[in-house]
Amino acid sequence: SSGINAEYGGVPKKLKKGPTKAKTPRALKRKPAVKRTGISKAKDKTKPKKGIDKAMNRLKALPLPDLQKVFEISKKESRTTKPEPFSFESRDPKPNEVREKLLKEQVEEEKKKREFKAQPLYESEGFQVDKNLSKACTKIVPFNISKPDAYEEKLKNQKERLEKENMELAKKREFKAQYPYTIFEEPFEPVKDSRYCKVEEFNLHSEKRGSERKKFDMELEEQQLNLARLKEEEEKEKEKREAEEVAELRKRLVHKANRVGEYQKQDYEDLYPEQSNREVS
């Protein structure tokens, strides 16, 4: 295979990969940097490391268990809830006593509020009562509830009051004609003033509007007649134009042969093609 694709010789072969080898990471390989002084390497090996001593001090083995003692499981008491009937007496052992005590306290407070408490008297020293402001005391008069003629007197007073009211209403209903003063007086005559009572001729708007309406109706009739006349003329012109178009179309539809032209020899010699000099393929 030569050419552009000469370098590419088909499908390349697959390389077989072996199993991966375990390698320790670099972080574990690193060793802590130790500052070296003038001491020899031999002395450094004999010295114990501080980090190992600390770890050995921390690690301590646990003591062995005593095999003679028997292992016993501690039994815990079960604390399950027990259903019991609910009652207010269990919560409050003496509800009636508390209620009675509250009622007694409330009654005592109400009694204290109802007690009469007089205001303190004025001090007599340096205080004088004005005699003009003092009023006479009320006189005690015997009150007779069980009077035998009390009901009759009440009825009598009621009748008198009703009669008086009826008399007043009757007087109000009476017709009282007033004195006819207008009969004996002269009739009213308006005062005529020459300045404001001049009689002048006037024209009503109805006459003016009537004449204008007649004129408007005449103009409207003339306008309608002109429109009708113009419409008729347009229709006639349209019919005439359509008739002319139909006649011209009929003339065009009639077949007419064209005349054969007369040509001279010099006129059509140039029309013939020239013979080519090329060989036949």
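The values are calculated or read from the model by the stated rules, or taken from the named source; none is laboratory data. Just so we're clear, the structure is a prediction, and the values are computed from it rather than from any experiment. For neighbour counting, all protein chains shown are included, and Cβ atoms are generated from backbone atoms with ideal geometry for every residue, glycine included. Surface areas here come from the heavy atoms of the whole protein model, side chains and all, with no ligands, DNA or RNA. Shrake-Rupley method; radii C 1.70, N 1.55, O 1.52, S 1.80 Å.
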Quick check: net charge around SER206, other residues with Cβ under 14 Å of its Cβ, Lys/Arg +1 and Asp/Glu -1?
+2
Might you work out the accessible area of TYR179 for me, using a 1.4 Å probe with all protein chains in place, and round it to the nearest 10 Å²?
130 Å²
Residue order for PHE88, PHE116 - accessible surface, 1.4 angstrom probe, largest first
PHE116, PHE88
Counting only protein chains, not ligands or nucleic acids, how are GLU84, GLU108 ordered by accessible area (probe 1.4 Å), most first?
GLU84, GLU108
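According to the square roots a ≥ b ≥ c of the eigenvalues of the Cα gyration tensor, what is the shape class of the stretch 168-247, taking rounded for a/c under 1.5, prolate for a/b larger than b/c otherwise, and oblate for the remainder?
Values: a/c = 12.91, a/b = 3.16, b/c = 4.08.
Oblate shape, in that a/c is at least 1.5 and b/c is the bigger or equal ratio.
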From phi via Karplus (6.51, -1.76, 1.60), per-residue ³J(HN,Hα) for the stretch 165-178 in Hz, x at Gly/Pro:
5, 5, 5, 5, 5, 5, 5, 5, 7, 5, 8, 10, 7, 7
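Quick check: with the 1.4 Å probe, what order do HIS255, HIS205 take by accessible area, largest first? Before the final figure, lay out the partial values.
Values: HIS255 165, HIS205 140 Å².
Ranking HIS255, HIS205 by accessible area, largest first, yields HIS255, HIS205.
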Heavy-atom accessible area of ASP66, protein chains in place, probe 1.4 angstrom, given in Å² to nearest 10, is 90 Å²
